[in-house]
Structures are given as structure tokens and as C-alpha cells.
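Quick notes on the structure that follows.
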Amino acid sequence: MKRVLILLSLVLVLGLLVACGGGAAEAPVEEQAAEEPAAEEPAAEEPAAEEPAAEEPAAEGEELYVFLPKSLDNPYWDECRIGMEDKMAELGVQAEFLGPDTADAAKQVAIFESVIARNPAGIAVSPNDPATVNAAIKTAMDAGIPVLAWDADAPDSVRLAYVGTNNVTAGETAGHELAKAIGEEGKVAILHGSLSAANAIERVEGFEKAIAEYPNIEIVATEPTEDSVATALSKAEALLQAHPDLAAFFGVTGSGVPGASGAVKQADKCGEVQVVGFDVVPQGIEAMREGCAQALISQRPYGMTQQTLQMLYDLHRGGELDQEFYDTGVEIVYPETLEDFLQTHH
């Protein structure tokens, strides 16, 4: 009996050992099989994860409009940019304001060409030199991108229209305002802006036409500033030294009044030497408040830019233009009307 019990015990022990050994051998196989699908899941999901990224360019390219100012350093452009941004928000589109840091025709053309490659819904350009942008305007138009000249015209190009100031008429207005400020007699200096910019050339043309009506007013100098306030200041200082009896400055672009009024203030001649010109920019506003500027000519840059963006938006939707020149007009600001003028955008 003892032998039988011993043999039975050995059989039981061996059975248990076999059962345990089999389970231990199969566990890694089962775990590996269970883990393999999890390891393969990222590879299976990769195409689905990439789909949103592939759709991003379409979402970003909703509707882009680009404005190309002459430069970014002239304070006149600040109000233009605000007008663009407000209209952009109203229309629910994208818009960019791109230009060289300082007035530079070649750099402006390079920016223009890079913008065309992005295929925007429309482009507005204020040329530093109209002749330099003609080819880029044609390239854009041939690509189906509507182009408007804005603020300054490119009359010999294929642009669809010009939106901005009638600069000859505005120059005449400035001439009569300056004549009134100096009692219709005295020596006058012109701070020109860019000698190649069509709008500046036309303003000077209109100004000279108006001044010709006053036989006791003499234009003694015309100096370019290249739309730089620092250059305008330097030129104005030199003119005050060369003509100590100077009666007035005419600032042709947004840099002229800040430069002229700064020189007049430094010379302690505010109110003695009159300053009249374009535009209503922060430095000009400060100068007028200090009595160093007598008349500022607003081109309504905010409204001009908003109108231009609306026109490009309509053109993109198949709209048509009924004319080639949209005159946005000017507004004269005097010390007594300045604060009221500043209550709203123009």
C-alpha cells in the first residue's frame, strides 16, 4: 500500500509540473499576440492624422488682398493701414500692408513680384515710380489678379482704375492756403517728397499754378525729401539758414510738414515762418497744437483705403468699374478745427 501511495503521489506531482510548465511557455506568446495590434495602431492611424494638415493651406488662403505703399516710415501710411484693417474685419477677409522701410522703387517692385506669386484676390499699389511697376501690374492682371492704383497713379499701366486724390487740384488748394497764410507775399520753399512719384509731381504742379496768381510770392527752392522725416528736417534747417527771410514751407507729402515744423520750432520761428502741407499725421498734429503749422491737407487716407479694398472685394466677385479715376477729395484742417477733425477717421 505504501508503494502504491508513493507512486500515486509522484504521478500527481509530475502532472502538476507539466501543467505549470505549459502555462509559462504560452504566456509570452499570448502577450505578444495581444500587444502586436497596439504596436501597429499608430501606423494604421497615420493617414487620418495627416488629413487636417493637408487642408490647412485651403483654410489659410480664404481671400487675401495686399496693399503696397511707397514705404513704411512715412506716418501718412498709418491711417491707411488702419482703414485697411477695419475694412478687412468688416468684410471678413485677409489683407496685408507690405512695403519697403523707406521709399525705394526697386524694393517695392521686388515685394510686388513676390506678392503676385501668392496669387492674392486683389492688389492695390501706390507707386514710388509709375514706370517701375508697369510690368508687375501687367503680370498680375494677366494672372487674373485685379490691380488698382491707390494713393498715387500709374497712368501708363493696365491697372483697372486709380483711387485717390486729384493731386493737381489738391496742390492748387495748398497753394491758395499758403498764400492766405502769408498775406499773399513772401519767399516760399517746397519740400517735395520723391521726385519720381506721380502724386508728388502733380501736387507741385498744382501748387506752382496757384502761386503764379500771386505776383508777390516767390518760390526760392524745391528740395526732395524722399518721404523721410529726417531728410525733410535736415533740408528745412538748411533752407532756413540759406533764406533767413523765408516766409513759408510747403510740405508736399507726409514727411514735409513734420520736417519743416521741426526746423521752424528749433529756430524759434513758429508763427513767423508758416507751414502748410500734406498730411494730418501725428507730428503735424503736434506741430499745429504748438502753433508751428498753419494748415494741414487731409487726403482722407482711411476712407481712401477702405474704398479701395471694397472695390477689390467687389471685383473679385465679378463686379465691374464704371470709371478709371475715383477722386476721394481733400479736407483742410486748421488749428481751430483740428480737435473736431480728430474725433473720427477720415
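The values are calculated or read from the model by the stated rules, or taken from the named source; none is laboratory data. What you see is a predicted model, and the numbers here were worked out from it, not measured in a lab. Don't worry about glycine lacking a Cβ; one is built from the backbone with ideal geometry, like all the others, and counts go over all protein chains shown.
One residue stands out among those in the range 267-298 that are among the hydrophobic types (A, V, I, L, M, F, W, C) and touching a Pro at 6+ places or on another chain (Cβ under 6 Å): the one that is surrounded by the fewest Cβ atoms within 10 Å (Cβ to Cβ), which is M288.
Just one residue in the set G144, G171, G164, G175 is small (G, A, S) and surrounded by fewer than 19 Cβ atoms within 10 Å (Cβ to Cβ); that residue is G144. Entry remark, the range 215-234: residues being part of a loop (DSSP other than H, G, I, E, B), in contact (Cβ under 8 Å) with a residue 40 or more places away in the chain and within 24 Å of K180 (Cβ to Cβ) number 0 in total. Given the structure, is L342 under 25 Å from the mean Cα position of the chain (by Cα), surrounded by 14 or more Cβ atoms within 10 Å (Cβ to Cβ) and at pLDDT 95 or above? Criteria not met by L342. Looking at the range 203-212, is at least one residue farther than 20 Å from T165 by Cβ and either in a loop (DSSP other than H, G, I, E, B) or under 23 Å from the mean Cα position of the chain (by Cα) (or both)? Yes: one or more hits. Selection of the range 107-126 for residues being in a helix (DSSP H, G or I) and in contact with a Ser or Thr (Cβ under 7 Å, 6 or more places away or on another chain) yields V109, I116. Note on the range 224-251: residues that are charged (D, E, K, R), in contact with a helix residue (DSSP H, G or I) (Cβ under 9 Å, 6 or more places away or on another chain) and surrounded by fewer than 20 Cβ atoms within 10 Å (Cβ to Cβ) amount to 1. Pairs are defined by a Cβ separation below 9 Å, a sequence spacing of at least 6 or placement on different chains, a first member in the range 239-259 that is closer than 29 Å to P69 by Cα and assigned to a loop (DSSP other than H, G, I, E, B), and a second member that is at pLDDT 95 or above and among the basic types (K, R); the pairs so defined are V252/R203; T253/K70; T253/R203. A count restricted to the range 181-202 and to residues that are part of a helix (DSSP H, G or I), surrounded by fewer than 24 Cβ atoms within 10 Å (Cβ to Cβ) and free of Cβ contacts under 8 Å to residues at least 60 places away in the same chain stands at 2.
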